[in-house]
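Asks: Before we start, here is the structure in question, set down as structure tokens.
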Amino acid sequence: MGLNLTKNYSINFSLPKRQKKLIKFIIIHYTGMKSESGAIKKLVKSSSKVSSHYFIKNSGQVISMVPDLYVAWHAGKSSWGKYSSLNDYSIGIEINNPGHQYGYKYFGLNQIRSLKKLLKFLIKKYNIKNQYILGHSDIAPNRKRDPGEKFPWKELAKNKLCHWHNLNEKNIRKFRKQKITLKNERIFINNLHKIGYSRKNVEFVIKAFQRRYRQALINGKIDKECFLISKNLLK
């Protein structure tokens, strides 16, 4: 895999082992804690009842915390398309970052370099579709904002490591804040559902979509730029 991989196992996982074919998603998180050491301690501490399969440190070092075939506790109440309780079907990756509560910042080059290597390995091993590489906010938009608008989804997409649109961002920028008809608003919401987003908590779902695909403005409002992106993603 070419990764600086170490082990620090958590006991926070479910038995029995799952079948390899059940692993269909990779869910990306930020830790959202003040310190890296505190985040690691929380993920291995039994009383926290949370864990992930992998943890990426600021240095780019990757820690294996739960073996892939066990269900880690990282997604919580979640859904995507026909799937619910995404823990059962996913591998969780935590990336150290203080998050929105403690001074959210851009992810480090070493972190993203290691993430790319890890994703390439996991995608190949479990035959995971690009459309199923998701953020925590995608699958739990009413509860979560991670990995957030500073996460480089577009860069990952250039390496075929996630789903992205193929529109020219400078060209569609002019449609930002431009209102659309009520009919097209309904089409937009339906497009999000076709992509995989929940039909519930619509404003939170729109913000999750924007954090992923239109990171410059996250306002929970539907405009023509968002509408065009949603149409393109379904092509």
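Asks: Hey, could you check the stretch 15-34 for residues that are assigned to a loop (DSSP other than H, G, I, E, B) and touching a helix residue (DSSP H, G or I) at 6+ places or on another chain (Cβ under 9 Å) and say which is surrounded by the fewest Cβ atoms within 10 Å (Cβ to Cβ)?
Replies: So, considering only residues that are assigned to a loop (DSSP other than H, G, I, E, B) and touching a helix residue (DSSP H, G or I) at 6+ places or on another chain (Cβ under 9 Å), the one surrounded by the fewest Cβ atoms within 10 Å (Cβ to Cβ) is ARG18.
Asks: Let me ask you something else. Filter the stretch 125-137 for residues that are of a type outside the set (Gly, Ala, Ser) and either surrounded by fewer than 17 Cβ atoms within 10 Å (Cβ to Cβ) or touching a strand residue (DSSP E or B) at 6+ places or on another chain (Cβ under 7 Å) (or both) and give the result.
Replies: Of everything in the stretch 125-137, those that are of a type outside the set (Gly, Ala, Ser) and either surrounded by fewer than 17 Cβ atoms within 10 Å (Cβ to Cβ) or touching a strand residue (DSSP E or B) at 6+ places or on another chain (Cβ under 7 Å) (or both) turn out to be LYS125, ASN127, ILE128, LYS129, ASN130, GLN131, TYR132, ILE133, LEU134, HIS136.
Asks: If you check SER46, SER37, SER84, which single one turns out to be surrounded by fewer than 18 Cβ atoms within 10 Å (Cβ to Cβ), more than 29 Å from ILE195 (Cβ to Cβ), touching a Ser or Thr at 6+ places or on another chain (Cβ under 9 Å) and in the same structural domain as LYS154 (by TED's automatic domain parsing)? Give the steps one after another, and end with the answer.
Replies: Working: SER37 fails: touching a Ser or Thr at 6+ places or on another chain (Cβ under 9 Å); SER84 fails: more than 29 Å from ILE195 (Cβ to Cβ).
Going through SER46, SER37, SER84 in turn, just one is surrounded by fewer than 18 Cβ atoms within 10 Å (Cβ to Cβ), more than 29 Å from ILE195 (Cβ to Cβ), touching a Ser or Thr at 6+ places or on another chain (Cβ under 9 Å) and in the same structural domain as LYS154 (by TED's automatic domain parsing): SER46.
Asks: Okay, next question. Taking the criterion of being buried (at least 21 other Cβ atoms within 10 Å of the Cβ), in a strand (DSSP E or B) and in contact (Cβ under 8 Å) with a residue 12 or more places away in the chain, would at least one residue in the stretch 101-124 satisfy it?
Replies: no
Asks: For the stretch 87-99, give me each residue that is under 15 Å from the mean Cα position of the chain (by Cα) and either surrounded by fewer than 18 Cβ atoms within 10 Å (Cβ to Cβ) or aliphatic (A, V, I, L, M) (or both).
Replies: ILE91, ILE93, ILE95
Asks: Quick check on the stretch 146-173: of everything there that is in a loop (DSSP other than H, G, I, E, B) and aromatic (Phe, Trp, Tyr), which residue is nearest to ASN232 (Cα to Cα)? Write out each step before concluding.
Replies: The first filter runs over the stretch 146-173 and keeps only residues in a loop (DSSP other than H, G, I, E, B), leaving 146-152, 159-168.
Now drop any that are not aromatic (Phe, Trp, Tyr), which leaves 151, 164.
Numbers: PHE151: 21, TRP164: 9 Å.
Applying the filter and picking the extreme gives TRP164.
Asks: If we keep just the residues of the stretch 196-209 that are of a type outside the set (Phe, Trp, Tyr) and touching a residue at least 40 places away in the same chain (Cβ under 8 Å), which is nearest to PRO147 (Cα to Cα)?
Replies: Residue satisfying both the conditions and the ranking: ALA208.
The values are calculated or read from the model by the stated rules, or taken from the named source; none is laboratory data. What you see is a predicted model; the values in this text were computed from it and never measured. Methodologically, a virtual Cβ is constructed for each residue, glycine included, from the backbone with ideal geometry; neighbour enumeration extends over all protein chains shown.
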